[in-house]
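Peer 1: To start, I am sharing the structure in question, which I have written as structure tokens.
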Amino acid sequence: MARGSRSISEVGYGRLGVGLLLAIVLMLQVGSELAAAREWVVGDSSGWTFGVMTWPNKPDFKRFRVGDVLVFNYDPNLHNVIMVDSFGFGTCTRHPDNATVYSSGNDRITLGSSGVINFICGKGEHCYKQGMKMSLTVRQ
């Protein structure tokens, strides 16, 4: 075979190597995105307070993923956080009856599965009259 020329099999292996390298790079990138869980402070500097229901949409680039952590900062004498289903969210009630209630004032909730997740404040009429509720979509 002439110098500088390659056989068909050598060219094929070269392409296979490039394809394999690209696949590895892609897997590493996807893996790093999955491993890089974010911590979100609900309500940003205002914390979990009145009118927080618009927080997940402002700015609208927030993308919540499984493994991310929501941090709820609030005065525990005034507020709490209840993780509710869609009925509880719509009616501002603790539903289901065994819904988890958080009351430390600095709650950290890890998003464990994809889908819609809802939170309300169960104190007084904070949810119903003051918009102290939040619904967000968690992606894989």
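The values are calculated or read from the model by the stated rules, or taken from the named source; none is laboratory data. These numbers come from a predicted model, not from an experiment. With ideal geometry, Cβ positions are generated from the backbone for all residues, glycine too; neighbour counts draw on all protein chains shown.
Peer 1: Filter the stretch 67-84 down to the residues that are polar (S, T, N, Q) and surrounded by 14 or more Cβ atoms within 10 Å (Cβ to Cβ), then identify the one that is nearest to the chain's Cα centre (by Cα).
Peer 2: Asn73
Peer 1: Of all residues in the stretch 38-90, count the ones that are assigned to a helix (DSSP H, G or I) and under 19 Å from Gly115 (Cα atoms).
Peer 2: Residues flagged as assigned to a helix (DSSP H, G or I) and under 19 Å from Gly115 (Cα atoms) within the stretch 38-90 amount to 10.
Peer 1: Here's something else I'd like to know. Would you be able to say whether some residue in the stretch 87-109 is among the small types (Gly, Ala, Ser), touching a Gly at 6+ places or on another chain (Cβ under 8 Å) and without any contact (Cβ under 8 Å) to a residue 40 or more places away in the chain?
Peer 2: Yes.
Peer 1: Taking the stretch 102-138, which residues are basic (Lys, Arg) and farther than 18 Å from Val66 by Cβ?
Peer 2: Once the filter is applied, which keeps residues that are basic (Lys, Arg) and farther than 18 Å from Val66 by Cβ, the stretch 102-138 yields Lys123, Lys129, Lys133.
Peer 1: Also: Looking at (1) over 19 Å from Asp44 (Cβ atoms); (2) modelled with pLDDT of 95 or more; (3) within 12 Å of the chain's Cα centre (by Cα), which is the one condition that is false for Ile117?
Peer 2: The one condition Ile117 does not meet is (1).
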